[in-house]
Amino acid sequence: MSRVDKFNPLAKGSAIDQKRDSLRGGTSGKAVMSEPQFDEIRRDAINFGLATDVLYPMSAGKEASIFLALWNTHPIILKAYRLWATPHKLSTTKGHIRESSGKKTRWILGLIEDIAVAEFDILQNCYNAGVRVPTPISRVANYLTMRFIGDEETPAPQLREVALQDPEAVLNEIFDQYLLMYRDAHYVHGDLSAYNILWWRNKPWIIDVPQSEAVNKWSDMNKVELVLRRDICNVLRYFESYGIERDSEQILNIFLDAYIPENLRNYRELRKEGLELL
Ligand SMILES: Nc1ncnc2c1ncn2[C@@H]1O[C@H](COP(=O)(O)OP(=O)(O)OP(=O)(O)O)[C@@H](O)[C@H]1O
Ligand SMILES: [Mg+2]
């Protein structure tokens, strides 16, 4: 379960959680989502110095909403992570924790902020490694801003919405970008698909990275391999509509040949012997 899903109150819990929840009429103390109001978000973004104006919502995902905002005359993206609060200690003023708030509320608010922190850091590390991601601009609490991909008239469409002239070249370019992200920035994306790639001026842009995980000496390489394989297969699935067939295992091996943390190089042999990596 991703870091984001783990704290998503809309995600179904275990069978025991669901049973307990139904017995208590859905009030078992699980976090509830407080829908962010546009005016509140706009006020926060301006007060926090993240934008000079917020124009309109562009998309509302499970965990975050995306807004078109302005920094003076320049369009930028404002991503606002939803705040969840426990029903009994509901913090009424978003972004502020009441004096009387319990540890749990504070903990949950902290976790939401952690997701925004993670997304900002990942974007920054990818950007520094030369991956084509929206340039991160700033972050305060559960809000972050980044470069808007698009122009005055239109935002960049998702890859799945466009008809590509040269799909083979685009597929290669996407894997080149993902390889940069993996080999140089040391992340697996975790949700790469034709939804989370934008297409702008003949280039793919990788977006939506909060669930990405760092690949370092503490990683579980078996899990890294699974995530890489899933991302590669998701991208390949989209390109099947263009009649393109590629061997996902061969691509996976190109990634793994390019980078495995020094101390984990033998993870496949250890797996064969049935030994667990620490
Ligand atoms: N930097 C950007 N420039 C232009 N459009 C963007 C940008 N970032 C996000 N968008 C638009 O907003 C949509 C949602 O963004 P993103 O995937 O980051 O948010 P999300 O809430 O995690 O989405 P979901 O849960 O639906 O995957 C994108 O598919 C894209 O259309
Ligand atoms: Mg998305």
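When Rg and the Kirkwood Rh are both derived from Cα coordinates, the Rg/Rh ratio for region 159-272 amounts to 0.98.
Between the amide H of I76 and those of A69, L70, W71, distances stay under 5 Å, these residues lying 5 or more places away or on another chain, with hydrogens modeled in the peptide plane. The calculated FRET efficiency for the pair D39 and D121, based on their C-beta separation and a Förster distance of 35 Å, comes to about 0.75.
Taking 0.36 nm per residue of separation and subtracting the Cα-Cα distance, full extension of the segment from N47 to A60 would add 2.5 nm. Once backbone amide H atoms are built at 1.01 Å from N, V215 has Y187, V188 as its partners under 5 Å, excluding neighbours fewer than 5 places away on the same chain.
Among the GluC sites (Glu not before Pro) in region 170-278, those located in a DSSP loop and surrounded by at most 10 other Cβ atoms within 10 Å of their own Cβ are E245, E273, E276. Among the GluC sites (Glu not before Pro) within region 135-164, those in coil by DSSP and having at most 15 neighbouring Cβ atoms inside 10 Å are E152, E153. Sparse packing (at most 10 other Cβ atoms within 10 Å of the Cβ) combined with a DSSP loop state is found for the following trypsin sites (Lys or Arg not before Pro) in region 177-278: R201, K217.
Coordinate-derived values only; no laboratory data. Because the structure is a prediction, the values reported are computed rather than measured. Reconstructed Cβ throughout: ideal geometry from the backbone, glycine too, with neighbour counts over all protein chains shown.
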